[in-house]
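Heads up, the thing below is written out as structure tokens.
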């Protein structure tokens, strides 16, 4: 998976970095003296929703567990030197995560089990990737590491929900919010908080409600169309984005009739493009009602959401036998370099009468 390969590469680069300790001589490293990757579940990218827990930095390590810390150090040195894979680093973590926290097991109990989450479907990320002796983590260290590594890792994780754990992590809310158009950001207590059981219970119930609502919203999207067609929609939106970005603004149809995909560009007789072409596309699609399996009609337009108007690629999608069709949109913007850049994930923006729901 390309995202995981990029993340592994970023962590590998970070394992060679000593900038914070060289610049800030008061900082001292504990036994584990290099950047520490954090857990990414094997099913994280298929999770609905994708949840990332963001904490400040790795703990310095319990002195009573120095033997385990030395073993972890050897694994991470092996990763830095290219003798241990990223997957093997994660596997090593999984073997020991049950004992993380005080009392033993507090970490997973607090972040996962109390929230009803599956470890294989979540990810964890530290703002600063290195531990420090005494758990001292100055602002400069946090900002440097976020800018150099953490920001890019978080972008590749592309979460639906970012949970900022502990008060100090909240200072990065604006930077994280700027990375994503659609991701929800919530606060959470740190697992070592001292707020008491009642405070922890209220926080836990609040987060469970938020996660439940997100799951229900994602479940509603999943029943709209099957997984195969969802992938096709994403591919079609991507194709439309690149076509329109290259200057070809003509709407087009992807139609499966007789078991094969057909692509049809829509242009007027004189080669010009007009808004009426979208309706022309619908008329063409209706002609294949008896033999068609699915259709996707794509065009370039504008989407208004949250009071802001954005350029967007639209895809009207219907399957044979369906009662309604749906319109998806992929927002985009023009960067300072003049290129087009996608904004967030595709959205379901409306329902439409199915073009094959009646006899021609």
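The values are calculated or read from the model by the stated rules, or taken from the named source; none is laboratory data. Source: prediction; values computed, not measured. When we count neighbours, we look across all protein chains shown, and the Cβ atoms used for this are built from the backbone with ideal geometry, even at glycine.
So that you can scan it fast, the table gives a plain yes or no per residue for (1) buried (at least 16 other Cβ atoms within 10 Å of the Cβ); (2) over 14 Å from residue 137 (Cα atoms):
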position	(1), (2)
6	no, yes
23	no, no
27	yes, no
32	yes, yes
40	yes, yes
43	no, yes
47	yes, yes
69	yes, yes
72	yes, yes
**Message:** Can you find a residue that is under 25 Å from residue 176 (Cβ atoms), in contact (Cβ under 8 Å) with a residue 40 or more places away in the chain and assigned by TED's automatic domain parsing to the domain that holds residue 192 anywhere in the stretch 66-87?
**Reply:** yes
**Request:** Please state which one of 120, 57, 114 is assigned to a loop (DSSP other than H, G, I, E, B), within 26 Å of the chain's Cα centre (by Cα) and in the same structural domain as residue 31 (by TED's automatic domain parsing).
**Result:** 57
**Prompt:** Within the stretch 150-171, how many residues are over 16 Å from the mean Cα position of the chain (by Cα) and either on the phi > 0 side of the Ramachandran plot or in a helix (DSSP H, G or I) (or both)?
**Reply:** 5
**Message:** Suppose the filter is within 20 Å of the chain's Cα centre (by Cα), assigned by TED's automatic domain parsing to the domain that holds residue 189, part of a helix (DSSP H, G or I) and in contact (Cβ under 8 Å) with a residue 40 or more places away in the chain; does residue 140 pass it?
**Reply:** no
**Fill in**
By my count, strands (runs of 3 or more DSSP E) wholly in the stretch 246-360 with at least 1 residues that are touching a residue at least 60 places away in the same chain (Cβ under 8 Å) and within 15 Å of residue 234 (Cα to Cα) are 292-305, 308-319, 324-334, 340-353
**Request:** Scan the stretch 348-356 and give yes if some residue there is in the same structural domain as residue 288 (by TED's automatic domain parsing), closer than 18 Å to residue 298 by Cα, under 26 Å from the mean Cα position of the chain (by Cα) and modelled with pLDDT of 90 or more, otherwise no.
**Result:** no
**Asked** Does the stretch 268-276 contain at least one residue that is in contact with a helix residue (DSSP H, G or I) (Cβ under 8 Å, 6 or more places away or on another chain), more than 24 Å from residue 330 (Cα to Cα) and surrounded by fewer than 16 Cβ atoms within 10 Å (Cβ to Cβ)?
**Response** yes
**Message:** Anything in the stretch 88-129 that is on the phi > 0 side of the Ramachandran plot and either buried (at least 18 other Cβ atoms within 10 Å of the Cβ) or in contact (Cβ under 8 Å) with a residue 12 or more places away in the chain (or both)? List them, or say none.
**Reply:** 101, 116
**Asked** So is residue 237 at pLDDT 90 or above, within 21 Å of residue 349 (Cβ to Cβ) and assigned by TED's automatic domain parsing to the domain that holds residue 326 or not?
**Response** yes
**Item:** Test: residue 158 is out of contact with any helix residue (DSSP H, G or I) (no Cβ under 6 Å at 6 or more places or on another chain) and buried (at least 21 other Cβ atoms within 10 Å of the Cβ)
**Value:** no
